[in-house]
Amino acid sequence: MIKNENIGEEKIMKTRLTKSEFAVMEVLWDEGEELTSAEIIQKSKEREWKDSSIHLIINSLLRKKVVTVAGFKKTTKNYARTFVPVETREQFLVGQIIDDKTTTEDKKGIYSYIIGKESDPELINYIEKLLEERKKELRIKSK
């Protein structure tokens with residue numbers, strides 16, 4: 001799986017995607033490895049893409065800076081670019097609701113809502129553990 005180790009330290013920005021763009025991102029996130037456009041078409045379960053369509057979508061995702069060119073793969077006759085997401089699925093989704101302009105009060109409301117919706121005690125314990133670890137990190141940084 002593609003992971004960004006600096007989660008929480010990057011600038012969070014909202015990027016709006018079309019349904020088709022999001023479907024391509026889902027394939028990239030699900031596969032967790034760099035893919036060519038032909039591989040994206042092949043691994044897409046919900047849609048049947050044409051070559052011309054997938055190229056337009058990928059170019060749009062490149063312009064929006066949500067995917068990047070990772071390298072090249074040898075195909076039958078030539079080389080094809082490979083693509084990877086810039087952010088993990090989690091980073092992207094959080095960026096859709098929290099950005100640099102989100103106030104502390106807004107964040108409190110968002111966190112309260114999410115935690116209030118959770119009914120699995122195991123997940124609640126996991127959240128508590130994450131919060132305790134984060135508090136320790138902040139104490140160490142402040143020293």
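Every number in this text was worked out from the coordinates using simple rules, so none of it is lab data. Values in this document were obtained by computation on a predicted structure and should not be read as measured data. Here Cβ is always computed from backbone atoms with ideal geometry, including for glycine, and neighbour counts include all displayed protein chains.
Could you please tell me which pairs satisfy a Cβ distance under 6 Å, a separation of 6+ or placement on different chains, a first residue in the range 88-107 that is in contact (Cβ under 8 Å) with a residue 40 or more places away in the chain, and a second residue that is assigned to a helix (DSSP H, G or I)? Final answer for the pair search is R89/W29. In the range 69-125, of all residues being under 24 Å from E34 (Cβ atoms), hydroxyl-bearing (S, T, Y) and within 23 Å of the chain's Cα centre (by Cα), the one that is surrounded by the most Cβ atoms within 10 Å (Cβ to Cβ) corresponds to T82. Residues that are within 24 Å of F22 (Cα to Cα), part of a helix (DSSP H, G or I) and of a type outside the set (A, V, I, L, M) within the range 93-107 comprise G95, Q96, listed in sequence order.
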